[in-house]
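Right, one structure below, let's go through it.
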Amino acid sequence: MKTDVMEIKALYELYKQHPVITTDSRDCPKGSIFLALKGESFNGNKFALQALEKGCAYAIVDEDVEAGNSQIIRVDDCLQTFKDLAREHRRQFDIPVVGITGTNGKTTTKELIAAVLGKKYNVMYTEGNFNNDVGVPKTLFRLNDSYDIAVVEMGASHPGDIKTLVETVEPTCGLITNVGRAHLQGFGSFEGVMKTKGELYDFLKRREERLRVGERSSGMRGERREACIFLDADNEYLVKMAKERDMKNVITYGSNVGKVVSCDPFVNFEWYNDQSPVVVRTHLIGAYNISNILAAMTVGKYFDVPADKIREAIEEYTPSNNRSQLTITADNRLVVDAYNANPTSMAAAIENFKAIKSDKELKKMAVIGQMGELGDVAEEEHQKVLQQLTDANLDKIWLVGEGSWDIAAGRPGIKIFKDVEEVKTAIGNEKPCGYYILIKGSHSNRLDKIVELL
């Protein structure tokens, strides 16, 4: 339930006088506003008075804290108020806002788009993976008059998550990177994933219709005319989703824009760009990244970034945060993709690793973490990964995660570890040397902790 419109406008006037919102009672800049969020293991309401003592001008709470205290502002739901205030702030800026969601590749695509647009504009974009119902408002509050354009990443793990976020962000255009089998425990089915991700298309369809009849977008200054989607024309699910919604303003990318030339290990590809093919050389590992790259180049072209600058941005971009990174150590070559893992991204990473041509003196090894939130299909999906690893003819396979890999017990060439601490011990004992090693797993597996040991 949204906070009352008049209440939000009054709160926003207060925010303009005290333009810093903190949700952490340990970080209370003088004159800021403390907003009491709640989670499974914390309740910000309990720290509201402490935040005031530390220097906050006001505290917004959704529980009874201290009657009669004029610095305490009571609302029905602090998280909803946070999102509503963030939307009100976003509406103060008449700039294009690119919304991004998808099962895999959201963060890489966001980073690439920001890099490309940054060649011409001052871009505000999501930091790290601040893509949930707390991170997105925090991102929007970073907007100020110095920015020309914004790129906002939105994640989801339950039905309706994207609807809530797009209604906060109010993007003027956007893209879905792909839809895959992730968070199935939360979504219930693959169809549930498609429906939730498609809520970005639903919002942009409504915006498209409003603009067609000359209606100004709700509450915003000015009248931005963007209402388009960027569509991977090679992805049958995304094409189907766009057709079902009868999207009119669609800018496509895919094999019509470029194709991979080589991937050993970095992606090199031909970019067509309405002229003779130009070879673009990247620092990204994995042919699966081509759609992310072409999306960024297509967005850049739409916003009139010069072609040479688009190419320059893609060639300069170097991945970080343990996503599709090549790390060369004194002993091994590591393909590190240890931030996220689900059946779709796992299959792509293993297939790509299998295709990499290893130097004759280098053997191949994989350290693979378990996949979470798969519900009833967890065993089936881990079995598929195990089969794919077996078919890849690797010299060593290490599997990490208690319970998930029981299906591999006793198989030759495979070792199973309860957690990353056991892996670290094994590395100390065996000291793997002379390997090409794929490190792939969810962030919760903490496989990033073994990179410096290899």
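The values are calculated or read from the model by the stated rules, or taken from the named source; none is laboratory data. Since the structure is predicted, the reported quantities are computational estimates derived from the model, not experimental observations. Quick reminder, even Gly has a Cβ in these numbers, built from the backbone with ideal geometry, and neighbours come from all protein chains shown. SASA here: full protein model, heavy atoms, side chains in, ligands and nucleic acids out. Shrake-Rupley method; radii C 1.70, N 1.55, O 1.52, S 1.80 Å.
Tabulated values for the structure
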item: Residue within segment 295-306 that is over 23 Å from Leu231 (Cα atoms) and touching a Phe, Trp or Tyr at 6+ places or on another chain (Cβ under 8 Å) present; result: no
item: Wholly enclosed strands (runs of 3 or more DSSP E) of segment 245-340 bearing at least 1 residues open to solvent by 70 Å² or more (accessible area, probe 1.4 Å) and in contact with a strand residue (DSSP E or B) (Cβ under 9 Å, 6 or more places away or on another chain); result: 258-263, 278-285, 325-328, 333-337
item: Helices (runs of 4 or more DSSP H) contained in segment 167-238 and holding at least 1 residues closer than 25 Å to Gly300 by Cα and modelled with pLDDT under 90; result: 190-197, 199-212
item: Residue identified as surrounded by 15 or more Cβ atoms within 10 Å (Cβ to Cβ) and among the charged types (D, E, K, R) among Lys415, Lys431; result: Lys415
item: Hits in segment 262-293 (condition: free of Cβ contacts under 8 Å to residues at least 40 places away in the same chain and among the acidic types (Asp, Glu)); result: Glu270, Asp274
item: Residues satisfying the stated conditions in segment 300-325, i.e. in contact with a Gly (Cβ under 6 Å, 6 or more places away or on another chain) and within 30 Å of Gly441 (Cβ to Cβ); result: Ser324
item: Subset tally (residues that are crowded, with 20+ Cβ neighbours inside 10 Å, within 18 Å of Asp337 (Cα to Cα) and in contact with a helix residue (DSSP H, G or I) (Cβ under 6 Å, 6 or more places away or on another chain)) for segment 368-388; result: 2
item: Qualifying residue in segment 317-326 (condition: farther than 25 Å from Glu421 by Cβ, touching a residue at least 24 places away in the same chain (Cβ under 8 Å) and touching a Phe, Trp or Tyr at 6+ places or on another chain (Cβ under 9 Å)); result: yes
item: Failed criterion for Thr126 (all others in (1) of a type in the set (Val, Ile, Thr); (2) without any contact (Cβ under 8 Å) to a residue 40 or more places away in the chain; (3) open to solvent by less than 10 Å² (accessible area, probe 1.4 Å); (4) over 20 Å from Leu37 (Cβ atoms) hold); result: (4)
item: Among the candidates Tyr58, Tyr15, residue that is free of Cβ contacts under 8 Å to residues at least 60 places away in the same chain, within 19 Å of Phe141 (Cβ to Cβ) and in contact with a His (Cβ under 9 Å, 6 or more places away or on another chain); result: Tyr58
item: Failed criterion for Ala86 (all others in (1) within 19 Å of Val134 (Cα to Cα); (2) modelled with pLDDT under 95 hold); result: (2)
item: Unmet criterion (only one of (1) open to solvent by 40 Å² or more (accessible area, probe 1.4 Å); (2) within 30 Å of the chain's Cα centre (by Cα)) for Asp395; result: (2)
item: Members of segment 348-357 found to be modelled with pLDDT under 90 and either of a type in the set (Val, Ile, Thr) or open to solvent by less than 40 Å² (accessible area, probe 1.4 Å) (or both), listed by number; result: Ala348, Ala349, Asn352, Phe353, Ile356
item: Condition check for Met365: at pLDDT 85 or above and out of contact with any Pro (no Cβ under 8 Å at 6 or more places or on another chain); result: no
